[in-house]
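**Student:** Before anything else, here's the structure in question.
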Amino acid sequence: MTSDTTARPQDGTGSKLKQAITGPLLFLFILGDVLGAGIYALMGTLSKDVGGALWAPLVLALLLALLTAGSYAELVTKYPKAGGAAVFAERAYKVPLVSFLVGFSMLAAGVTSAAGLSLAFAGDYLGTFIDVPPVPAAIVFLALVACLNARGISDSLRSNVVMTIIELSGLVIVIVSVALMMGGGGGDVSRVGAFPAEANPALATLSAAIVAYYSFVGFETSANVAEEVREPAKVYPRALFGSLATAGVVYVLVALASSIALPASELSDSSGPLLAVVAATGVGIPDVVFSLIALVAVANGALLTMIMASRVTYGMAEQRLLPSLLGKVLPKRKTPWTAIIATTVVAMALTLVGDVGTLAETVVLLLLFVFISTNVAVLVLRKDKVEHEHFRVWTFVPVLGVASCILLLTQQSGQVWLYAAILLAVGVVLYFIARATRGRDRTASGTDAR
């Protein structure tokens, strides 16, 4: 991987948004989003497929994620604009409908994830401290997230720094607790390589990788704040690969600790596997501590997801794929306030559905389509030269990235494909409605001018 130096650097100039994200802030932004809240339930889900070999699908998922991350590193530093994958698709394919659907897929992923996280926040985790109805609590929670998002990217990322440290500390507690357990002669190291007796190790690892892959895909969120990063050509690749590597190491250590502390049968039966792991070590960490850490992790994931969704909406409005109203920015705060309101309202509406489990699985499929588009766009846009330095990935990386996404698509069920098709059909309808509205506006303007 190299740096393409076609001319002097002009990264991010001419933007209406404030360039307030430094390298350390971006690293913690990506790390916080990648770690997310999923890891606190991930071990139990993975153990059903791979038994005690929890590390195997995580390592595979990290390698597959790094392929697509390489493509993002090139395109984000080449075109540091809000909108991410939708902007890349517009430049590469010159087909507005394709650009719209790529962006729409990201929006569907973002608002659905935020709705699910808000319900998780308002459920058993919050119930440890206060007994309130989950849906109203989720809506209030999303409103608070929107207020923090609207205050500005600097305030949001400062909050992310604190929440990411708390989130990471919970995982460190798991690792250290099991290390102390082993020091006292407890645990069973032999479980870390034990697949279920009836399972084919290769097929089991691949099957579990789709779940593990979802725990790494948070990196794509960072593409939508590229316009607010200082010197993205230098900062973005380091922050991206550094955060993915850090998350990978933490995940593998947590996976090993979980396998050593508890057998797979106990992990898979627990709705709070990491809490069960810490309890098994006998270290004596109170349950309420982990509930609080989980709440912080969920809140952090929701904040970063809504930042992404609002920036995608703003970027698509700037590209005229959505109404220009959604591109309005607060004069002092320099934040896309109309996009924040719109995405928050949609997320709030989704909380009324209550069960977002199937939609969450559909989001994974939609993100894989987005990743295929981005990997192909890298190759298509190689002929497009820009007048600033940018990262350049080896050509075989996006090719393997496409192959990895197709491989993961084969692991999806027919029901998930059906839901994805319905969502994309809704997107097509919205696109043509917006296009017809813009056409009438142009006709009316022409009439007034005569």
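The values are calculated or read from the model by the stated rules, or taken from the named source; none is laboratory data. Since the structure is predicted, the reported quantities are computational estimates derived from the model, not experimental observations. Protein only, heavy atoms only, side chains kept; ligands, DNA and RNA dropped before computing areas. Shrake-Rupley method; radii C 1.70, N 1.55, O 1.52, S 1.80 Å.
**Student:** Using the alpha-carbon centroid of each, what span in Å lies between region 106-150 and region 220-256?
**Tutor:** Comparing the Cα centres of region 106-150 and region 220-256, I get a distance of 25 Å.
**Student:** Any chance you could run the full-extension gain for Asn200 through Asp269? It's 0.36 nm times the residue separation minus the Cα-Cα distance, nm to one decimal.
**Tutor:** Working: separation 69, 0.36 × 69 = 24.84 nm, distance 2.17 nm.
Here the answer is 22.7 nm.
**Student:** Expected output is a single nm value to one decimal: the length gained when fully extending between Val189 and Val98, i.e. 0.36 nm times separation in residues minus the C-alpha distance. What is it? Provide the component values of the computation, followed by the final result.
**Tutor:** Details: separation 91, 0.36 × 91 = 32.76 nm, distance 4.96 nm.
Extending this stretch completely gives an extra 27.8 nm.
**Student:** Could you put Leu171, Leu148, Leu400 in order of accessible surface area, largest first, with the 1.4 Å probe and the full protein assembly present?
**Tutor:** Details: Leu171 0, Leu148 45, Leu400 85 Å².
The ranking, largest first, comes out as Leu400, Leu148, Leu171.
**Student:** Could you do me a favour and compute the accessible area per residue for the chain, 1.4 Å probe, result in Å²? Working shown, then result.
**Tutor:** Details: 18180 Å² over 450 residues.
Here the residues of the chain average 40 Å² of exposed surface.
**Student:** Moving to a separate point now. Expressed as a whole percentage, what fraction of the accessible surface of the chain belongs to carbon and sulfur atoms when a 1.4 Å probe is rolled over the protein heavy atoms? Numbers along the way, then the final one.
**Tutor:** Working: 12010 of 18180 Å².
For the chain, the apolar C and S fraction of the accessible surface comes to 66 percent.
**Student:** Going down the table (Lys94/Lys383; Lys78/Lys332; Lys78/Lys383), which pairs top 18 Å between alpha carbons?
**Tutor:** On the way: Lys94/Lys383 14 Å; Lys78/Lys332 28 Å; Lys78/Lys383 12 Å.
Checking Cα-Cα distances, Lys78/Lys332 exceed 18 Å.
**Student:** For the chain, build the convex hull from the C-alpha positions and give me its volume per residue in Å³.
**Tutor:** Details: hull volume 65.0 nm³, N = 450.
Taking only Cα atoms, the chain has a hull volume of 144 Å³ per residue.
**Student:** Shifting gears a bit: Mind grabbing the accessible area of Ser413 for me, 1.4 Å probe, Å², rounded to tens?
**Tutor:** Answer for Ser413: close to 50 Å² accessible.
**Student:** Right, another one. Largest first, what is the accessible-area ranking of Phe27, Phe371 with a 1.4 Å probe? The partial results should precede the final answer.
**Tutor:** On the way: Phe27 60, Phe371 0 Å².
Ranked from most to least accessible, the order is Phe27, Phe371.
**Student:** Phe432 accessible area, nearest 10 Å², 1.4 Å probe?
**Tutor:** Its heavy atoms expose roughly 100 Å² to the probe.
**Student:** Do the sum for the chain: with -39,500 (n - 2.57) for every DSSP H run of n ≥ 4, divided by all residues, what is the mean residue ellipticity at 222 nm, to the nearest 500 deg cm²/dmol? It would help to have the intermediate numbers written out before the result.
**Tutor:** Values: 16 runs with 312 residues, N = 450.
It comes out at -24000 deg cm²/dmol, rounded to the nearest 500.
**Student:** To the nearest 10 Å², what's Ile165's accessible area with a 1.4 Å probe?
**Tutor:** Counting only protein heavy atoms, the figure is 100 Å².
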